[in-house]
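The values are calculated or read from the model by the stated rules, or taken from the named source; none is laboratory data. All values reported here derive from a predicted model rather than from experimental measurement. Cβ coordinates were reconstructed from backbone atoms using ideal geometry, including for glycine residues, and neighbour counts include every protein chain displayed.
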Amino acid sequence: MKNARKYEKKVKKLLSGAPKKRPASPTIVDPVRVLIEGILQADATDAQAAAAIEALEQEFVDFNELRVCHIKEIAEHFGKDFPSAGDKAETLNKALNGIFHKVSKVSMDYMAEMTKRDLKRHLAELGLDNYAVAYVTLMAFDGHAIPVDQTLVECLEIGEYIPASSSIEDVQGFLERIVSQKNALSAHRALRKFVETSSKALARKRKADEKRRMKEAAARAKAEQEAREAAEKVRVEKERKKKERLKVEKAKAKTKKARKTVKKVVKKVVKKVAKKAVKKVRTGGKARQKAARKPVAAKRKVAKHKKTSSRK
């Protein structure tokens with residue numbers, strides 16, 4: 001996290017009112033119930049999570065019956081306004097079935113032998129989010145963890161305890177570095193109380209964020225519409241120019257064809273006229289030759305007649 005030292009002082013001041021000693025925990029803790037609490041508490045109030053757990057305990061005999069229940073039915077027991085009810089019901093169902101498939105019963109006793117690193121990795125593999133993984137590690141296995149959800153991140157951002165646009169992972173790592181293991185539970189409870197007292201400011205922030213998102217969405221929609229209109233104008237203009245170009249090309253082609261036809265006709269006519277002229281010349285020459293031969297033939301005929309007469 002950027003400027004971690006700057007924010008570290010502010011967060012430590014925020015947590016200064018929390019008890020320094022670890023609060024006393026119940027002697028008997030059911031890890032499965034803790035797992036369910038961790039899943040339900042993220043981005044919900046303690047009252048909402050407690051009411052949802054109570055509804056589940058009243059409806060189902062044990063956790064195994066809850067495991068085989070349909071996801072939609074589980075979500076219905078959380079209440080109408082429960083945040084992300086469907087997603088949390090699905091996570092709960094997946095986690096309980098993951099545990100059952102591993103040890104053939106709904107029991108997390110086998111996790112007690114794991115190292116804290118392996119425990120966190122295994123809980124994540126069961127489908128738990130960051131908050132639930134840290135909550136189970138802290139509350140059921142006395143591990144060093146600080147549960148962080150998006151609501152806590154936003155509340156810390158409002159109070160400028162962390163940089164804007166911080167991720168859950170960054171904030172969780174930051175808190176776990178500055179809060180010791182023995183103070184982790186006290187810090188967690190203090191942060192939950194801080195979120196509760198920041199609820200009005202958070203509601204205002206989210207309302208403002210929603211207005212801003214709607215405004216940005218409207219601006220994007222307007223920009224996209226203008227872009228589509230501009231693109232359509234460009235397309236229409238291109239189409240118009242294409243039609244004009246095709247029209248010109250068609251006219252040129254027509255003119256070229258006409259010129260070619262005229263040239264062909266002229267060539268044909270010239271050829272025909274030339275042929276006739278040649279024929280006429282040839283015919284006239286033959287006529288002259290015939291006319292020239294006629295007097296010679298007549299003379300020969302007269303001479304022949306005279307010769308015949310003299311002999312007689």
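Picking from Arg212, Arg192, which residue would you name as being surrounded by fewer than 18 Cβ atoms within 10 Å (Cβ to Cβ) and at pLDDT 95 or above? Outline the logic, then answer.
Working: Arg212 fails: at pLDDT 95 or above.
Within the list Arg212, Arg192, the selection yields Arg192.
Just checking, does region 108-122 include any residue being touching an Asp or Glu at 6+ places or on another chain (Cβ under 6 Å) and in a helix (DSSP H, G or I)?
Filtering region 108-122 for residues touching an Asp or Glu at 6+ places or on another chain (Cβ under 6 Å) gives none.
Within region 108-122 (the criterion being touching an Asp or Glu at 6+ places or on another chain (Cβ under 6 Å) and in a helix (DSSP H, G or I)), the answer is no, since none of the residues qualifies.
Any residue that is within 21 Å of Gly173 (Cα to Cα), free of Cβ contacts under 8 Å to residues at least 40 places away in the same chain, over 32 Å from the mean Cα position of the chain (by Cα) and in a helix (DSSP H, G or I) - is there at least one of those in region 131-150?
yes
Limited to region 124-142, what total is found for residues that are surrounded by fewer than 19 Cβ atoms within 10 Å (Cβ to Cβ) and at pLDDT 95 or above? Explain how you work it out, then say what you get.
So the first thing to find is which residues in region 124-142 are surrounded by fewer than 19 Cβ atoms within 10 Å (Cβ to Cβ), and the list is 124-125, 127, 142.
Imposing the further condition that a residue be at pLDDT 95 or above reduces the set to 124-125, 127.
Selection size over region 124-142: 3.
Please work out if Lys233 is within 27 Å of Asn3 (Cα to Cα) and among the charged types (D, E, K, R).
Details: within 27 Å of Asn3 (Cα to Cα): no; among the charged types (D, E, K, R): yes.
So Lys233 fails the test.
How about region 34-64: which of its residues are more than 33 Å from the chain's Cα centre (by Cα), of a type outside the set (A, V, I, L, M) and within 24 Å of Ala112 (Cα to Cα)?
Glu37, Asp62, Phe63, Asn64 - these are the residues of region 34-64 that are more than 33 Å from the chain's Cα centre (by Cα), of a type outside the set (A, V, I, L, M) and within 24 Å of Ala112 (Cα to Cα).
Every residue in region 151-201 that is under 14 Å from Glu8 (Cα atoms) and assigned to a helix (DSSP H, G or I), please. Break it down into steps so the answer makes sense when it comes.
Going residue by residue through region 151-201, those that are under 14 Å from Glu8 (Cα atoms) are 156-157, 159-163, 170-180, 187.
Matches in region 151-201: Leu156, Glu157, Asp170, Val171, Gln172, Gly173, Phe174, Leu175, Glu176, Arg177, Ile178, Ala187.
Mind checking which pairs have a first residue in region 59-81 that is under 15 Å from Asp30 (Cβ atoms) and a second that is loosely packed, with under 15 Cβ neighbours inside 10 Å, Cβ under 8 Å, 6 or more apart or different chains?
Matching pairs, first to second residue: Asn64/Lys105.
Take the residues of region 2-18 that are of a type in the set (Gly, Ala, Ser) and closer than 21 Å to Thr197 by Cα: which is surrounded by the most Cβ atoms within 10 Å (Cβ to Cβ)? Break it down into steps so the answer makes sense when it comes.
Taking region 2-18 as the starting set, the residues that turn out to be of a type in the set (Gly, Ala, Ser) are 4, 16-18.
Adding the requirement that they be closer than 21 Å to Thr197 by Cα leaves 16-18.
On the way: Ser16: 9, Gly17: 10, Ala18: 18.
In this case the residue turns out to be Ala18.
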